[in-house]
Amino acid sequence: MTHLSRRSVLGSAAAVASTFAVVKARAADPIKFGASLSLTGRFSDSAKYVQEGYLLWAEQVNAKGGIKGRPVEVVIYDDESKPDTGRVLAERLLDRDNVLAILGPYSSPITDAMATALERAQVPMIGTIASDSSIWARRRLRWTFQGFPSSDFDHEGFLKVIKEKGQGSKKLAIIFEEAPFSIAAKDWALPVAKEMGLTVEAFGYNPGAQDFRSIIERMIASGTEMVSMGGYYQPSIALTRQMIERGFNPVAFHFIQAADGVTKEALGAQVEGVFGRSSWEATIDTPANKAFVAAYQAKYGRIPSYHSAAAFAAGQAFQGAIEEKGADRAGIREALASSKIETVLGTFHTNQRGQQDGYHYASTQWQGGTSYVVSGPSARAPLWPKPKWS
């Protein structure tokens, strides 16, 4: 990897962008991809895994001779977890770096902001971690494609586990961020939970909130037995730590980003029994998945998270589109809109609006220090009830 010099973006030191290039050969003009990632700011804990997935994909493609004999170059800037910065960086990647296509940012809000610029320029982008389907539902996007399962179903796997294992528990709390992706997931889950005979309360919080003590006290007062948190990583960890400090021990606890490897780093032994939802897990037993996990471990010295796999899969989807239609923006758009492309996440396929319908979530749970798939074809049985905080 060649580290290029830092440059000023937006005319302020706060918007400095880091540029990374992965180029294995110069025998032919490289196919340039751009990405705006949250290398700093509130999404940075998870976005680093997206960066690693992109760089590993490019490295492996170049080691095999590139795409149709052309090396791949990936240029990555820091959007500081800010949608407006992501939009400006999208324009920079097009106007100054002359990239062919965009590998998506971390988070739905930044994807949404970047899509505005890319639709106008008619440049394809895969929204790698954009789970919010409302981005595509509220307007017609022709050049931006969802590369992640829809967040509408964030709580679905946990509700299925409750239906299977939690017959004696009836009171569920759903905690949601006042953001479109989380609100949509809550709105989907509430009627489903009530149809299951559960008593459900929903507690909203402002984006970026870190203090959940009042919500915890309200859950205790109402006799909550099960908790499902539908927000981003940092608020989810804050909620968990405050539940532990208060001694609030639900029978089952789920937060949507729990499968991420940084969860174990943050919670240590307290991670035992916590449920999550994942678009991918390292324990999925397929040859392609095993090869990806082995390569990632060899390069980074740890198991990849689903964010890393989603990034690697976005690269694979672009690669498949170029192999089918050539390094032409219109051809890439056509392939992403109509083709089925195999990736480590499954089968990339989108509907007529560009929403993902080929990828699906799996339910996960931390057991003995490992995040296992506990739904679908997995033989791993869910641990119920959750062990009490120590």
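Answer yes or no: is there a residue in the range 239-247 that is of a type in the set (Val, Ile, Thr), in the same structural domain as Val161 (by the TED database), in contact with a helix residue (DSSP H, G or I) (Cβ under 9 Å, 6 or more places away or on another chain) and farther than 21 Å from Ser182 by Cα. Outline the logic, then answer.
Here is the first cut: in the range 239-247, the ones of a type in the set (Val, Ile, Thr) are 240, 244.
Next, from what is left, pick out any that are in the same structural domain as Val161 (by the TED database): 240, 244.
The next check asks that each one be in contact with a helix residue (DSSP H, G or I) (Cβ under 9 Å, 6 or more places away or on another chain); those that pass are 240, 244.
If we keep only those that are farther than 21 Å from Ser182 by Cα as well, we get 244.
Scanning the range 239-247, I find at least one residue that is of a type in the set (Val, Ile, Thr), in the same structural domain as Val161 (by the TED database), in contact with a helix residue (DSSP H, G or I) (Cβ under 9 Å, 6 or more places away or on another chain) and farther than 21 Å from Ser182 by Cα, so the answer is yes.
Of the numbered conditions (1) open to solvent by 30 Å² or more (accessible area, probe 1.4 Å); (2) in a loop (DSSP other than H, G, I, E, B); (3) closer than 26 Å to Ser169 by Cα, Gly208 satisfies every one except a single condition; which is it?
Against the list (1) open to solvent by 30 Å² or more (accessible area, probe 1.4 Å); (2) in a loop (DSSP other than H, G, I, E, B); (3) closer than 26 Å to Ser169 by Cα, Gly208 comes up short only on (3).
Taking the range 263-284 as the region of interest, how many residues are open to solvent by 10 Å² or more (accessible area, probe 1.4 Å) and closer than 18 Å to Gln242 by Cα?
Going through the range 263-284 one residue at a time, the tally reaches 8.
Would you mention how many residues in the range 1-54 are modelled with pLDDT of 50 or more, assigned to a strand (DSSP E or B) and within 30 Å of Pro235 (Cα to Cα)?
Total satisfying the criteria: 5.
Find the residue count for the range 303-327, including only residues that are farther than 18 Å from Pro105 by Cβ and either under 15 Å from the mean Cα position of the chain (by Cα) or at pLDDT below 95 (or both).
Qualifying residue count for the region: 2.
Please find, among Glu217, Glu178, the residue that is under 24 Å from Thr111 (Cα atoms) and either among the polar types (S, T, N, Q) or open to solvent by 40 Å² or more (accessible area, probe 1.4 Å) (or both). Break it down into steps so the answer makes sense when it comes.
Numbers: Glu217 fails: under 24 Å from Thr111 (Cα atoms).
Exactly one of Glu217, Glu178 is under 24 Å from Thr111 (Cα atoms) and either among the polar types (S, T, N, Q) or open to solvent by 40 Å² or more (accessible area, probe 1.4 Å) (or both), namely Glu178.
Restrict the check to the range 285-300 and report whether at least one residue is polar (S, T, N, Q), touching a residue at least 24 places away in the same chain (Cβ under 8 Å), over 29 Å from Ile220 (Cβ atoms) and surrounded by 24 or more Cβ atoms within 10 Å (Cβ to Cβ).
Scanning the range 285-300, I find no residue that is polar (S, T, N, Q), touching a residue at least 24 places away in the same chain (Cβ under 8 Å), over 29 Å from Ile220 (Cβ atoms) and surrounded by 24 or more Cβ atoms within 10 Å (Cβ to Cβ), so the answer is no.
Could you list, in sequence order, the residues of the range 112-142 that are of a type outside the set (Gly, Ala, Ser), within 17 Å of Ala337 (Cβ to Cβ) and not in a loop (DSSP other than H, G, I, E, B)?
Listed by number, the residues that qualify are Leu118, Glu119, Met125, Ile126, Ile135, Trp136.
The values are calculated or read from the model by the stated rules, or taken from the named source; none is laboratory data. Bear in mind that the values here come from a model prediction, so they are computed numbers and not experimental data. With ideal geometry, Cβ positions are generated from the backbone for all residues, glycine too; neighbour counts draw on all protein chains shown. These accessible areas exclude ligands, DNA and RNA; they are computed on the full protein's heavy atoms, side chains included. Shrake-Rupley method; radii C 1.70, N 1.55, O 1.52, S 1.80 Å.
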